[in-house]
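J.: Okay, here's the structure, questions in a sec.
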Amino acid sequence: MNVLILGSGGREHAFALKLSQSKKVEQLFVAPGNAGTEQLATNININPTDFKAIKNIVVNNNIKMVVVGPEAPLVAGVHDFFLADSLLKDIPVIGPQKDGALLEGSKDFSKHFMQKHNIPTARYQSFTKDNLEEGFVFLETLQPPFVLKADGLAAGKGVLILDSLNEAKMELKEMVSNEKFGKASSRVVVEEFLKGIELSVFVLTDGKNYKILPSAKDYKRIGEGDTGLNTGGMGAISPVPFADDSFLDKVEELVIKPTINGLQKDGIDYRGFIFIGLMNDKGNPSVVEYNVRMGDPETEVVLPRIESDLFDLFEGVANQTLHEKSFSVTKKTATTVMLVSGGYPEAYQKDKEINGFDNVEESIVFHAGTVLKDDKVVTNGGRVMAITSFGDTIEEALEKSYRSISKIDFDKINYRKDIGFDLV
Ligand code: AMP
Ligand code: GLY
């Protein structure tokens with residue numbers, strides 16, 4: 001079968017690697033892909049939200065399954081587009097339709113969903129410019145720090161955590177009245193601050209049945225010791241040592257089952273990944289957020305730990321036979337360290353030649369922001385490559401990742417030297 005993956009990051013390179021290992025996958029296409037996916041698949045340079053262009057690729061290449069990496073095409077309705085098109089309607093899309101994608105596309109929707117289905121999460125209320133004064137009153141009932149979230153997609157920048165009440169009021173006003181994050185912040189979720197340690201749990205569902213994939217922890221800030229600006233993610237570790245069986249059982253009972261049942265009750269036919277951002281507060285889970293896709297760089301540690309055929313699981317999603325499928329996970333720990341362009345997550349330069357990654361032997365090099373230019377691999381984004389390694393311990397895996405990184409170079413290379421610092 002021919003398969004198309006939408007997206008261009010390390011996550012999509014990891015999907016491409018896993019799917020290329022499946023005997024059932026004949027030709028693999030990635031749109032737009034990167035220099036890494038180019039070695040495993042045919043890259044096609046289109047925007048993954050250009051549905052007409054996707055249709056052309058699918059029809060012209062006899063594609064029989066589409067795997068959606070990022071949230072934007074899902075929130076924009078790529079799955080709905082397929083279902084509404086006579087030529088595409090029987091081609092399975094791994095990723096929810098628009099109604100399910102709202103779990104990520106609207107914070108207000110996802111908070112309402114959690115409240116309705118009794119899923120543990122921070123107390124909240126939503127505000128627009130029409131009830132801003134009520135927002136100020138609600139803020140006064142909360143303890144600092146104050147959490148403000150733009151309702152819509154804001155490229156990971158729409159969440160503010162503020163220590164002072166006055167600042168929180170000012171920012172809330174900026175968000176709803178002056179659209180600080182554009183239309184995304186015309187509605188804002190104000191919520192309680194959750195204490196604890198954060199981790200992510202990934203679920204694959206066919207709408208009725210589900211599989212819980214390995215958990216992971218990512219490192220979001222640019223600076224060592226989790227300081228500085230937020231990024232897409234600077235590294236990840238799987239499994240998460242503090243997510244023991246008893247905690248994960250609670251997550252399944254209190255969060256995963258009510259989420260899958262809630263989707264069914266609400267008439268949402270959800271087929272794809274659910275990425276659950278959780279806070280572990282003394283062994284009790286609380287949901288920070290849902291995403292409707294896999295995480296990046298979490299995918300670069302989660303998928304390599306899955307030993308069995310990923311395509312087989314995707315077929316289970318497509319045919320609603322996920323309950324008949326089984327999969328195995330290595331007990332080994334996987335770590336990944338993201339190499340980024342100097343300046344990221346603020347302004348950075350592109351087109352820097354990347355050297356030495358071919359010499360890496362003890363790690364997997366997942367490309368993210370890379371592109372092939374005149375036979376050279378050059379940087380093409382802020383996050384450039386994720387270097388994944390296995391070990392019996394976190395320390396052993398990290399040592400391999402850092403040894404591999406010492407062989408790789410590009411102008412103004414930057415990476416965190418302390419991934420896993422809080423766990424080892
Ligand atoms: P979100 O986009 O909702 O995941 O928020 C981004 C990040 O802000 C999360 O990964 C958390 O680190 C932090 N965060 C969000 N909501 C809360 C909360 N209620 N309490 C504490 N931290 C939070
Ligand atoms: N690494 C966080 C995310 O993918 O949203």
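The values are calculated or read from the model by the stated rules, or taken from the named source; none is laboratory data. The shown structure was predicted, so the numbers you read here are calculated from the model rather than taken from an experiment. Neighbour counts run over all protein chains shown; Cβ positions are idealised from the backbone, glycine included.
J.: Looking at (1) away from ligand 2 (no atom under 16 Å from the Cβ); (2) closer than 25 Å to V66 by Cβ, can you tell me which one F193 breaks?
T.: Of the numbered conditions (1) away from ligand 2 (no atom under 16 Å from the Cβ); (2) closer than 25 Å to V66 by Cβ, the odd one out for F193 is (2).
J.: Looking at the range 274-298, which of the residues that are more than 13 Å from ligand 1 (Cβ to nearest atom) and in contact with a Ser or Thr (Cβ under 8 Å, 6 or more places away or on another chain) is farthest from G69 (Cα to Cα)?
T.: G283
J.: Determine whether K98 is more than 13 Å from ligand 1 (Cβ to nearest atom) and charged (D, E, K, R).
T.: On the way: more than 13 Å from ligand 1 (Cβ to nearest atom): yes; charged (D, E, K, R): yes.
Spelling it out, K98 is indeed more than 13 Å from ligand 1 (Cβ to nearest atom) and charged (D, E, K, R).
J.: List the pairs whose first member sits in the range 399-416 and is under 19 Å from A236 (Cα atoms) and among the aromatic types (F, W, Y), whose second member is assigned to a strand (DSSP E or B) and at pLDDT 95 or above, and whose Cβ atoms are under 6 Å apart, counting only residues at least 6 apart or on separate chains?
T.: Going by the 6 Å Cβ cut-off, the qualifying pairs are Y415/V337; Y415/L339.
J.: Here's something else I'd like to know. I'd like the residue in the range 168-202 that is hydroxyl-bearing (S, T, Y) and within 14 Å of ligand 1 (Cβ to nearest atom) and, out of all such residues, is modelled with the lowest pLDDT.
T.: First pass over the range 168-202, keeping only residues hydroxyl-bearing (S, T, Y): 177, 185-186, 200.
Right, trim to within 14 Å of ligand 1 (Cβ to nearest atom) and you get 185, 200.
On the way: S185: 86, S200: 97.
So, considering only residues that are hydroxyl-bearing (S, T, Y) and within 14 Å of ligand 1 (Cβ to nearest atom), the one modelled with the lowest pLDDT is S185.
J.: Would you point out which residue out of L139, L132 is closer than 15 Å to K173 by Cβ, touching a Ser or Thr at 6+ places or on another chain (Cβ under 8 Å) and away from ligand 1 (no atom under 12 Å from the Cβ)?
T.: Result: L132 is the single residue among L139, L132 that is closer than 15 Å to K173 by Cβ, touching a Ser or Thr at 6+ places or on another chain (Cβ under 8 Å) and away from ligand 1 (no atom under 12 Å from the Cβ).
Residues are listed down the side, and each one gets a yes or a no for (1) in a helix (DSSP H, G or I); (2) surrounded by 14 or more Cβ atoms within 10 Å (Cβ to Cβ); (3) of a type outside the set (D, E, K, R); (4) at pLDDT below 95:
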{"residue": "V340", "(1), (2), (3), (4)": "no, yes, yes, no"}
{"residue": "G343", "(1), (2), (3), (4)": "no, no, yes, no"}
{"residue": "A386", "(1), (2), (3), (4)": "no, yes, yes, no"}
{"residue": "S389", "(1), (2), (3), (4)": "no, yes, yes, no"}
{"residue": "D418", "(1), (2), (3), (4)": "no, yes, no, no"}
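J.: Working only within the range 172-228, note down all residues that are small (G, A, S) and in a loop (DSSP other than H, G, I, E, B).
T.: Selection gives S186, G196, G207, S215, G225.
J.: Right, next: Give the residues of the range 143-168 that are among the acidic types (D, E) and either in contact with a Cys (Cβ under 8 Å, 6 or more places away or on another chain) or more than 25 Å from L103 (Cβ to Cβ) (or both), sorted by residue number.
T.: Passing the criteria: D163, E167.
J.: Only one residue in G100, G105 is within 16 Å of ligand 2 (Cβ to nearest atom), in contact with a Leu (Cβ under 7 Å, 6 or more places away or on another chain) and not hydrophobic (A, V, I, L, M, F, W, C), so which one is that?
T.: Only one candidate passes the filter, namely G105.
J.: Something else: Within the range 198-229, can you find the residues that are touching a Pro at 6+ places or on another chain (Cβ under 8 Å) and either on the phi > 0 side of the Ramachandran plot or surrounded by 15 or more Cβ atoms within 10 Å (Cβ to Cβ) (or both)?
T.: Matches in the range 198-229: F202, P214, S215, A216, D218, I222.
J.: Here is a follow-up. Out of everything in the range 280-312 that is hydroxyl-bearing (S, T, Y) and away from ligand 2 (no atom under 16 Å from the Cβ), what residue ends up being surrounded by the fewest Cβ atoms within 10 Å (Cβ to Cβ)?
T.: Once the filter is applied, the top-ranked residue is S308.
J.: Could you check the range 294-315 and list, in sequence order, the residues that are of a type in the set (G, A, S) and more than 17 Å from Y219 (Cβ to Cβ)?
T.: Taking the range 294-315 as the starting set, the residues that turn out to be of a type in the set (G, A, S) are 295, 308.
Passing the criteria: only S308.
J.: Among the helices (runs of 4 or more DSSP H) contained in the range 38-119, which hold 1 or more residues that are closer than 26 Å to A154 by Cβ and among the hydroxyl-bearing types (S, T, Y)? Reasoning before the result, please.
T.: Numbers: elements: 51-60, 71-75, 78-83, 98-105, 107-116.
Fully inside the range 38-119 and qualifying: 107-116.
J.: Shifting gears a bit: Hey, among the residues in the range 345-373 that are more than 28 Å from R305 (Cβ to Cβ) and either assigned to a loop (DSSP other than H, G, I, E, B) or among the acidic types (D, E) (or both), which one's nearest to the chain's Cα centre (by Cα)?
T.: Looking at the filtered set, the residue picked out is E346.
J.: Within the range 69-115, track down each residue that is among the aliphatic types (A, V, I, L, M) and under 16 Å from the mean Cα position of the chain (by Cα).
T.: Within the range 69-115, A72, L74, V75, I94, A101, L102, L103 meet the criteria.
J.: Could you tell me how many of the residues in the range 317-335 are touching a residue at least 40 places away in the same chain (Cβ under 8 Å) and either closer than 23 Å to D392 by Cα or crowded, with 21+ Cβ neighbours inside 10 Å (or both)?
T.: Residues that pass the stated criteria total 9.
J.: Continuing with the same structure: So if I check each of G267, G262, which one is more than 16 Å from ligand 2 (Cβ to nearest atom), closer than 22 Å to F109 by Cα and either assigned to a helix (DSSP H, G or I) or among the hydroxyl-bearing types (S, T, Y) (or both)? If you could, list the steps in order and put the result at the bottom.
T.: Values: G267 fails: either assigned to a helix (DSSP H, G or I) or among the hydroxyl-bearing types (S, T, Y) (or both).
Being more than 16 Å from ligand 2 (Cβ to nearest atom), closer than 22 Å to F109 by Cα and either assigned to a helix (DSSP H, G or I) or among the hydroxyl-bearing types (S, T, Y) (or both) holds for just one of G267, G262, which is G262.
J.: Identify all residues within the range 353-381 that are more than 21 Å from D296 (Cα to Cα) and among the hydroxyl-bearing types (S, T, Y); write none if there are none.
T.: Correct list: empty.
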